[in-house]
Amino acid sequence: MGIVLLNSSWVAFDTWDGATAWGPKEKQPYPYHTGKQVNYNDDSLYCEIDSYCNGEEFETVDGLNLVYLYVVYFYRSARSGPLGGIAFNADTLGWVCRFYDSHGGQSVSKAQADSIIKAWGIEE
């Protein structure tokens, strides 16, 4: 799976300095593709972040949380913009995927991320 393109069932729901976020027009049943964020800095594309959730909840000291998968594509060095922490401030270009569950956040490969999305029954 490559960069996910959005169809007309999605709307921009927030824009701030250097970023725009989209989501489905209507609430979707879990599991689903929950959002897309595009970041741009200095008039050039920096990264795209797609988020997915299966609806599974887990408890932490901060309360209830949901299992999430974030699939990020950096068009420029991750370190060159405000979201470098996702890539641990490395000079990463390309894919960075993070899976969050009761064990915390962990890096997964793009192939593993694609497998998780498929296992959750999400079709892009």
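The values are calculated or read from the model by the stated rules, or taken from the named source; none is laboratory data. Small disclaimer: the values here were computed from a predicted structure and weren't measured. Counting neighbours? That spans all protein chains shown, and the Cβs are built from the backbone with ideal geometry, glycine included. When the accessible area is computed, the model is the full protein with side chains, heavy atoms only, and any ligands, DNA or RNA have been set aside. Shrake-Rupley method; radii C 1.70, N 1.55, O 1.52, S 1.80 Å.
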Looking at Gln28 and the list (1) within 21 Å of Ala113 (Cβ to Cβ); (2) out of contact with any strand residue (DSSP E or B) (no Cβ under 7 Å at 6 or more places or on another chain); (3) open to solvent by less than 40 Å² (accessible area, probe 1.4 Å); (4) among the polar types (S, T, N, Q), which single condition is not satisfied?
(3)
Given the criterion under 13 Å from Cys47 (Cβ atoms) and free of Cβ contacts under 8 Å to residues at least 12 places away in the same chain, identify the matching residue among Gly94, Gly84, Gly104.
Gly84
If I ask for residues that are under 18 Å from Val96 (Cα atoms), β-branched (Val, Ile, Thr) and assigned to a strand (DSSP E or B), which ones from region 1-47 would you list?
Thr34, Val38
Could you list, in sequence order, all residues of region 52-70 that are open to solvent by less than 20 Å² (accessible area, probe 1.4 Å) and either in contact (Cβ under 8 Å) with a residue 60 or more places away in the chain or in a loop (DSSP other than H, G, I, E, B) (or both)?
Tyr52
Just give me the residues in region 77-119 being assigned to a loop (DSSP other than H, G, I, E, B), modelled with pLDDT of 90 or more and touching a strand residue (DSSP E or B) at 6+ places or on another chain (Cβ under 6 Å), in sequence order.
Ser102
